1. Under 18 Å Cα to Cα from K20, which lysines show up? Leave out anything in the same chain fewer than 8 places away.
2. Heavy atoms of the protein only, probe of 1.4 Å, neighbouring chains included. What is the accessible area of D29 in Å², nearest 10?
3. Evaluate the range 68-128: find the radius of gyration of its Cα atoms, find its Kirkwood radius, and give the ratio Rg to Rh.
4. Can you check what the net charge comes to around L84, using other residues whose Cβ is under 12 Å from the Cβ of L84 (Lys, Arg +1; Asp, Glu -1)?
5. Rolling a 1.4 angstrom probe over the protein chains, ignoring ligands and nucleic acids, what is the accessible area of E81 in square angstrom, nearest 10?
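The values are calculated or read from the model by the stated rules, or taken from the named source; none is laboratory data. Quick caveat, the model's predicted, so the values are computed rather than measured. Every residue, glycine among them, receives a Cβ derived from its backbone with ideal geometry; neighbour counts consider all protein chains shown. Accessible surface is based on the protein model in full, side chains and every heavy atom, while ligands, DNA and RNA are left aside. Shrake-Rupley method; radii C 1.70, N 1.55, O 1.52, S 1.80 Å.
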Amino acid sequence: QSDQLRMLKNILKEQNIVLKSDSGHPGSDIRPVTILNALSLLNTRDAESHAMEDVMKKMSKKVYRIANEVLPKYKFAKYSENSLDFDDLILLTWELLLNHQDVREQLHRRYRHILVDEFQDTSKVQLD
């Protein structure tokens, strides 16, 4: 998460968006990790078929506005550093299996069963 925060803080700085920090700077009351969580929700909203109002219930309008503004820059920063975050690992795997029947079939033949730990924390994309 430290790499994610570093990238996000650089983007926020470039965009002149000031959030709550440890330096005592009188910025917003929003912490960078709150924006990271919002980015995660926005990143997975389409794959999980969340209605926009469901996503908006989980964050303030201000957090949504900031997250929506920085999301494309955050994705570009990750990919330009050849980095993936946890959401990417799940979503890219989901897209691979959804769009490539040959890969699905190969894995289906190879693995008869899979063990799912922490099932209660499983998202719709992970279930698919």
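1. The reachable lysines, counting only those whose Cα sits under 18 Å from K20, are K9, K61, K62.
2. Only protein atoms counted, so the area is about 120 Å².
3. 1.06
4. -3
5. Approximately 80 Å² of E81 is accessible to the 1.4 Å probe.
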